[in-house]
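**Q** Quick one: the structure is below, and I'll ask about it shortly.
The values are calculated or read from the model by the stated rules, or taken from the named source; none is laboratory data. The structure presented is a predicted model; accordingly, all values stated were derived computationally and were not measured. Virtual Cβ from ideal backbone geometry, glycine too; neighbours counted across all protein chains shown.
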Amino acid sequence: MSETKHALVTGGAGFVGSHLVRALLADGWRVTAMDNLLTGDTGNLDGLDGNPAFDFVKHDVTEPYEGPWTLIANLACPASPPRYQADPIHTWETSVLGARNAALAAEKNGAMLFHTSTSEVYGDPDVHPQPESYWGHVNCNGVRSCYDEGKRAAETLLADFRRCRGLDVRMVRFFNTYGPAMDPEDGRVVTNMVLAALRGKDIPIYGDGSQTRSFQYVSDAIEAVMRFIRKPRAEVDAFFAAKKMSVPVLNIGNPGEFTISELAEIVLEYIPGTGSRTAHFPLPGDDPKRRRPDIGLAGELLGWKPEVPLREGLKKTIAYFAGKCGK
Ligand code: NAD
Ligand code: UDP
């Protein structure tokens, strides 16, 4: 690996990717953001244009690429259910071919490959909370499968690149992550509810609202990623070998678990007086009933735990959306 710290962030114009770009720059990295702008927005990278340590490349990761990077952080993939279901074939290709192209580019340059997987690899879990060792309960041909199975196949491929070809692969499974830089129209629950409340519209609850999610504020996710990336390979390898895990993968999320109805109540409490009320809509297909990360491994390896509770993170996110929507 060359001495210059030069990172490629695929999906760098997206929600989490743009935060990672800024965190890497602040940490002294040169950074290239690569994105096809499917769900991302170069507005998320505002202010970086004149930075000599930063550049942006428009490219679709389903097509091969290469470059001088010492770290490839592979985040490219739509993450919102309506967005990833809009073109499921391209979503699967992004996940799987994107992982393959990232692995080949990393291998060529002896780079570390950091990859963002997801709690969706657990599907509709029958183990609760979910540890990394849980194999999941996943439909292979439902409406969410392009994403869930795409992410599982990407993990498989990258685990084999590590086992068979020695690539320095590190993966995280993010649980629902939210915060500034989310696209106000992305259709995820936090954005939908906050935007509806700000606009005085009905707050959509899909199903009876008893399903749960564990919401992580983006700064906590980024802190975990930066700690993981900074770890020497020998320490990472020794840690996972001692756990009898053949690949470095960590759950990264906030174990605070809320029903979707509770989330709606908090949003209404923080955005009062706009006339919004909750309204129920049909539950989408294969919607997981509950989700909460076991973050024991990440705590042990990284000395990390999430610092931002849902209420605090929501206040910041509401302020961001209010600014975006001129409220
Ligand atoms: P996002 O949709 O905001 O960002 C994804 C970015 O990838 C966008 O900028 C999009 O334009 C880009 N992209 C999509 N397909 C591409 C392609 N084929 N080529 C190049 N660029 C492409 O989503 P996000 O929430 O920032 O998610 C980032 C990563 O984290 C994704 O891999 C996602 O699966 C993972 N993740 C996110 C969450 C979450 O709750 N936010 C949870 C689990 C996993
Ligand atoms: N949801 C909801 N209202 C919305 C959007 C989503 O009730 O406007 C529900 C959705 O059915 C799911 C949960 O909120 O149970 C989280 O949905 P999201 O799309 O944010 O992500 P998921 O965790 O399902 O991938």
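**Q** Can you tell me which residues in region 41-70 are closer than 21 Å to A154 by Cα and within 21 Å of the chain's Cα centre (by Cα)?
**A** Passing the criteria: H59, D60, V61, T62.
**Q** Okay, moving on. Applying the selection to region 149-171, what residues are in contact with an Asp or Glu (Cβ under 7 Å, 6 or more places away or on another chain) and without any contact (Cβ under 8 Å) to a residue 40 or more places away in the chain?
**A** none
**Q** Look through region 236-261, keep the residues that are free of Cβ contacts under 8 Å to residues at least 12 places away in the same chain and among the charged types (D, E, K, R), and return whichever of them is nearest to K5 (Cα to Cα).
**A** D237
**Q** Show the residue pairs meeting these rules: Cβ distance below 8 Å; 6+ apart or different chains; first residue within region 198-223 and at positive phi; second residue modelled with pLDDT of 95 or more and assigned to a helix (DSSP H, G or I).
**A** G207/I260; G209/I260; G209/S261; G209/A264
**Q** Which one is nearest to A76 (Cα to Cα), of the residues in region 174-222 that are of a type in the set (G, A, S) and within 10 Å of ligand 2 (Cβ to nearest atom)?
**A** From region 174-222, those of a type in the set (G, A, S) are 179, 181, 187, 196-197, 200, 207, 209-210, 214, 219, 221; that's our starting set.
When the remaining residues are screened for being within 10 Å of ligand 2 (Cβ to nearest atom), the result is 187, 196, 207, 209-210, 214.
Values: G187: 18, A196: 28, G207: 30, G209: 30, S210: 31, S214: 22 Å.
By that ranking, first place goes to G187.
**Q** Answer with yes or no whether Y147 is touching a Pro at 6+ places or on another chain (Cβ under 6 Å), within 24 Å of V21 (Cα to Cα) and among the hydroxyl-bearing types (S, T, Y).
**A** Values: touching a Pro at 6+ places or on another chain (Cβ under 6 Å): no; within 24 Å of V21 (Cα to Cα): yes; among the hydroxyl-bearing types (S, T, Y): yes.
So Y147 fails the test.
Results for (1) free of Cβ contacts under 8 Å to residues at least 60 places away in the same chain; (2) part of a loop (DSSP other than H, G, I, E, B); (3) more than 15 Å from ligand 1 (Cβ to nearest atom), shown as yes or no for each residue.
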residue: V127; (1), (2), (3): yes, yes, yes
residue: C140; (1), (2), (3): yes, yes, yes
residue: V143; (1), (2), (3): no, yes, yes
residue: R173; (1), (2), (3): no, no, no
residue: D183; (1), (2), (3): no, yes, no
residue: A196; (1), (2), (3): no, no, yes
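**Q** Here's another thing I want to ask about it. Output the residues belonging to region 262-310 that are in a loop (DSSP other than H, G, I, E, B), without any contact (Cβ under 8 Å) to a residue 60 or more places away in the chain and aliphatic (A, V, I, L, M).
**A** Hit for region 262-310 is I295, nothing else.
**Q** Search region 241-297 for residues being among the hydroxyl-bearing types (S, T, Y) and touching a helix residue (DSSP H, G or I) at 6+ places or on another chain (Cβ under 8 Å), and hand back the single one that is nearest to G179 (Cα to Cα). Show your work before the answer.
**A** First, the residues of region 241-297 that are among the hydroxyl-bearing types (S, T, Y): 246, 259, 261, 270, 274, 276, 278.
Now restrict to residues that are touching a helix residue (DSSP H, G or I) at 6+ places or on another chain (Cβ under 8 Å): 246, 270, 274, 276, 278.
Values: S246: 33, Y270: 15, T274: 22, S276: 22, T278: 22 Å.
By that ranking, first place goes to Y270.
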